[in-house]
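Note sheet for the following structure.
The values are calculated or read from the model by the stated rules, or taken from the named source; none is laboratory data. What you see is a predicted model, and the numbers here were worked out from it, not measured in a lab. Counting neighbours? That spans all protein chains shown, and the Cβs are built from the backbone with ideal geometry, glycine included.
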Amino acid sequence: RRHKQYREELNLTVAAPLPLRAEAGWLQFQLGISRDGLYPRSSAAVSRLLRDLRDLPTISADYSQDEKALLGACDCSQVVKPSGVHLKLVLRFQDFGKAMFKPMRQKREEETPEDFFYFVDFQRHNAEIAAFHLDRILDFRRVPPTVGRLINVTKEILEVTKNEVLQSVFFMSPASNVCFFAKCPYMCKTEYAVCGSPHLLEGSLSAFLPSLNLAPRLSIPNPWIRSYSFEGKEEWEVNPLYCNTVREIYPYSNSNRLLNIVDMAIFDFLIGNMDRHHYEMFTKFGDDGFLLHLDNARGFGRHSHDEISILAPLSQCCVIKRTTWLRLQLLAEPEYRLSEVMRESLLQDPLAPVLTEPHLLALDRRLQLILQAVGRCIDTFGEATVVANDTRQPQRPAVHRAKLDT
């Protein structure tokens with residue numbers, strides 16, 4: 001009976017449960033996760049997965065667990081409450097594939113208004129796509145494979161969903177476009193709807209990680225978390241010696257965790273993401289495992305502004321992995337300029353151009369600011385102290401970091 005119900009939910013008509021093909025892109029990607037990253041440097045499985053995300057028809061659509069938690073439909077912890085302007089759906093494909101769909105909210109040439117707080121900013125589908133490409137170029141490999149896709153919201157969402165609540169939020173706009181909006185306890189109005197043209201809508205599709213039953217993950221508060229209120233500051237924002245306190249706390253005291261936090265800060269500074277309140281990591285790989293760089297949709301909001309405070313972990317702690325340092329220096333060389341490598345990489349995406357030219361050029365400018373920050377650290381404490389071998393904990397500088405102008 002359970003199998004029959006499952007088949008009906010997936011629109012399957014076969015008499016027996018479908019076997020999982022060993023060559024399925026979703027499976028090969030998940031099996032390739034290691035302590036070095038979500039996928040190997042040269043991964044045929046990721047290429048195949050991106051192609052599947054781009055081309056395979058959807059067989060069902062539903063709200064994400066975040067929205068279901070708010071509607072009382074599931075027991076989900078650690079939920080950051082979404083509003084009506086932050087709509088995301090789970091789309092399913094053959095071979096039990098599953099992806100997070102984030103629709104286009106903002107045109108590429110639009111910038112986040114100066115008066116917006118980071119925690120009420122739009123979520124941008126093209127930021128998710130660009131973040132995957134940048135993460136891969138930096139050789140972090142901590143962002144799940146993400147691709148852009150033009151979705152027919154009628155055929156690929158409305159007609160395949162079994163969720164009556166999701167069905168109920170679809171409507172036809174005065175311009176005869178098919179639209180839908182988020183169903184949540186507040187700020188859920190037709191003014192915040194996303195609309196096709198008349199049926200087609202851009203969006204990003206991010207591959208799901210293995211289920212928590214198969215690959216448990218921890219969600220950990222970022223030591224450099226920001227204040228999620230309209231006033232007030234966190235300790236790191238007012239105390240230049242804050243990193244000394246963090247270093248006394250396990251696991252930042254005796255593992256590579258602090259170096260991984262610095263990697264994440266460098267990544268977030270390049271994309272302009274201020275919204276990193278938590279980070280996740282697989283429990284299987286222990287304290288030295290890599291940090292997952294998830295939920296990057298608030299990146300690439302303002303190309304005209306560089307938010308230096310995002311670099312606080314680097315400028316306050318004055319440590320960086322040698323591999324990261326070498327990669328950043330390489331991407332500053334004229335023949336490997338970051339903006340040009342990104343431009344070429346993003347041309348592979350179906351929604352190219354993913355970023356506008358000012359956003360690409362901002363990457364070069366921000367990279368120079370990172371190199372300058374590391375240079376100041378080296379001038380103060382010496383390269384042997386600042387640039388750490390990736391496999392051992394860096395030496396702790398004895399000199400107070402207040403010397404540095406952060």
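Of note:
- Note on segment 270-325: residues that are closer than 16 Å to N256 by Cα, among the hydrophobic types (A, V, I, L, M, F, W, C) and part of a helix (DSSP H, G or I) amount to 4.
- Pairs where the first residue, in segment 20-38, is part of a helix (DSSP H, G or I) and the second is among the β-branched types (V, I, T), C-beta under 9 Å, 6+ apart: G25/V46; Q28/V46; F29/V46
- Cross-chain or 6+ apart pairs with Cβ under 8 Å, segment 138-154 first and over 20 Å from R51 (Cα atoms), then among the polar types (S, T, N, Q): L138/T324; D139/T323
- Answer residue from segment 164-183, given it is in a loop (DSSP other than H, G, I, E, B) and buried (at least 17 other Cβ atoms within 10 Å of the Cβ) and is modelled with the lowest pLDDT among those: K183
- Leading residue by the ranking (farthest from H359 (Cα to Cα)) among those in segment 262-305 that are of a type in the set (D, E) and modelled with pLDDT under 95: D287
- Unique residue being touching a residue at least 60 places away in the same chain (Cβ under 8 Å), assigned by the TED database to the domain that holds G286 and outside any loop (DSSP other than H, G, I, E, B) when the list is L259, L201: L259
- Within the set A362, A384, A388, the sole residue that is more than 20 Å from W236 (Cα to Cα), exposed (fewer than 13 other Cβ atoms within 10 Å of the Cβ) and at pLDDT 50 or above turns out to be A384.
- Considering residues of segment 155-178 that are polar (S, T, N, Q) and free of Cβ contacts under 8 Å to residues at least 60 places away in the same chain only, the residue nearest to L360 (Cα to Cα): N177
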